[in-house]
Amino acid sequence: MTNALSRLLETRDWLLADGATGTNLFNMGLTSGDAPELWNEEHPDRIKKLYQFAVDSGSDLFLTNSFGGNASRLNLHNAGHRARELSRMSAELGREVADKAGRPVIVAGSVGPTGDIMEPVGTLSHADAVEMFHEQAEGLKEGGADVLWLETISAPEEFRAAAEGFALAGMDWCGTMSFDTAGRTMMGVTSADLVKLVEELPNPPIGFGANCGTGASDLLRTILGFSAQGTERPVISKGNAGIPKYHEGHIHYDGTPELMADYAVMARDAGATIIGGCCGTMAEHLVAMREALETRPRGERPSPEKITDALGAFSSANDGTEEGAGSNVRKTRRRRMAED
């Protein structure tokens, strides 16, 4: 299989990824508790519209509607046996849209976490996790995805299992973790930990980085953490459009297109190569981000002070990379989870 993403990266020093999946689908009628992946069959027109939003807004890459498309998550909707099929459908719809774009657009097969906790803390074995990731990868491959896109991962064990499953499918991949607890993932991984993990994998990703989290400021601090390790792999930055706020029965993100434009440029200057949005990021945000990346010259790597001045305060005093912090937090969390 040709590596379309690597070819595109050879010609560009930044790429614009897409925005939110869930936020856009909720606006189209998805309700809480529904499985978005079932819409690949029930409402293919809406899924193609989701993809078209990204293409029309200038994205060079968009993720398929398959984030929760593994057997474990789909079992909650009595559809675990359809994991491969539904993932294939999501990529086929993406292929239709990308091939009509008139320019190179990458179809990235979204793969989210299993939703289970892996051994020894939880019950999910390494072998079962690899099988689930492999199954979904095969479906996305059959549907025509250019690359696999692991996202919102918290545990290093799950990251490794996904890499192994993707290798079995013979697919190139990218991978991001979600850093949302004082600069760490839920399982205590820091930005420095992820760089080390990526380089130790026998099947490393094309690019890696961070998505989601608590806000654009915190995510950019994590990007600075990646850059500080001297990594030469493309870094991915997909931050939320501000902070979620509950208003009149709905969750809204307070990030304006202007804020996300500032975020995109700062992400590039902080060392990110693939830049997009996550929760709350709509078409208007992507348009502003594209324009900013095209028109604003590169600047110096932003300082933490410059980031907070432009995007708001960090949610914690540090980024989790102080010596020994990551391992101590992991031990504490695992002990608490074992006690529960």
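The values are calculated or read from the model by the stated rules, or taken from the named source; none is laboratory data. Computed from a predicted model, the values in this text were never measured in an experiment. For neighbour counting, all protein chains shown are included, and Cβ atoms are generated from backbone atoms with ideal geometry for every residue, glycine included. Accessible surface areas use protein heavy atoms only, side chains included; no ligands, DNA or RNA. Shrake-Rupley method; radii C 1.70, N 1.55, O 1.52, S 1.80 Å.
Per residue, how many Å² of accessible area does the stretch 4-311 show with a 1.4 Å probe?
The answer is 39 Å² per residue.
Computed from phi, the 3J(HN,Hα) profile of the stretch 35-44 under the Karplus parametrisation 6.51, -1.76, 1.60 (θ = phi - 60°) reads 8, x, 5, 5, 5, 4, 9, 7, 9, x Hz, with x in place of Gly and Pro.
Taking only the C-alpha atoms, wrap a convex hull around the stretch 96-194 and report its volume per residue in Å³ as a whole number.
Considering the Cα atoms of the stretch 96-194, their hull volume per residue is 110 Å³.
Residues whose amide H comes within less than 5 Å of that of residue 149, counting only those at least five positions distant or on another chain, are 109, 110, 111, 174 (H built at 1.01 Å from N in the peptide plane). Sorted largest first by accessible area at a 1.4 angstrom probe radius, with every protein chain in place, the residues 125, 90 fall in the order 125, 90.
Entry note: the chain has Rg to Rh equal to 0.94, where both radii use alpha-carbon atoms and Rh is the Kirkwood radius.
Atom-type composition of the exposed protein surface of the stretch 129-259 places 51 percent of the accessible area on carbon and sulfur (1.4 angstrom probe).
Within the chain, the longest segment free of exposed loop sites, counting trypsin sites (Lys or Arg not before Pro) that fall outside DSSP classes H, G, I, E and B and have at most 13 other Cβ atoms within 10 Å, spans 101-297. Each label was represented as a point 7 Å from its Cα along the Cα-to-Cβ direction; for residue 296 and residue 26 these points are 2.7 nm apart.
Phi angles across the stretch 115-122 convert, under the Karplus curve 6.51 cos²θ - 1.76 cosθ + 1.60 with θ = phi - 60°, into 3J(HN,Hα) values of x, 10, 9, 7, 4, x, 6, x Hz, Gly and Pro given as x. Whole-Hz Karplus values for the stretch 147-153 come out as 7, 8, 9, 6, 8, 6, 8 Hz, taken residue by residue from phi with 6.51 cos²θ - 1.76 cosθ + 1.60 and θ = phi - 60°; glycine and proline positions read x. Residues 18, 193, ordered by accessible area of protein heavy atoms at a 1.4 angstrom probe radius and largest first, appear as 193, 18.
Of the beta bridges in the chain, as assigned by DSSP with both residues counted there, near 15 percent are antiparallel. Taking GluC sites (Glu not before Pro) as exposed when DSSP calls them loop (any state but H, G, I, E, B) and at most 16 other Cβ atoms lie within 10 Å, what is the longest stretch of the chain free of them, the sites themselves excluded? The longest such stretch corresponds to 1-231.
The gain in end-to-end length when the residue 78 to residue 52 segment is fully stretched comes to 6.4 nm, 0.36 nm per residue minus the alpha carbon separation.
Taking a point 7 angstrom from the Cα of residue 7 along the C-beta vector, which residues in the stretch 90-118 have backbone N less than 11 Å away? Within reach of a label on residue 7, which here means backbone N under 11 Å from a point 7 Å along Cα→Cβ, the stretch 90-118 contributes 104-105. For the pair residue 119 and residue 203, a Förster radius of 30 Å applied to the C-beta separation gives a FRET efficiency near 0.90, rounded to the nearest 0.05.
Exceedance of the 30 Å cut-off in Cα-Cα distance is limited, within the set 100/196; 48/306; 141/238, to 100/196; 48/306.
When only Cα pairs under 8 Å and 6 or more residues apart are kept, what is the percent relative contact order across the chain? Answer for the chain is 17 percent.
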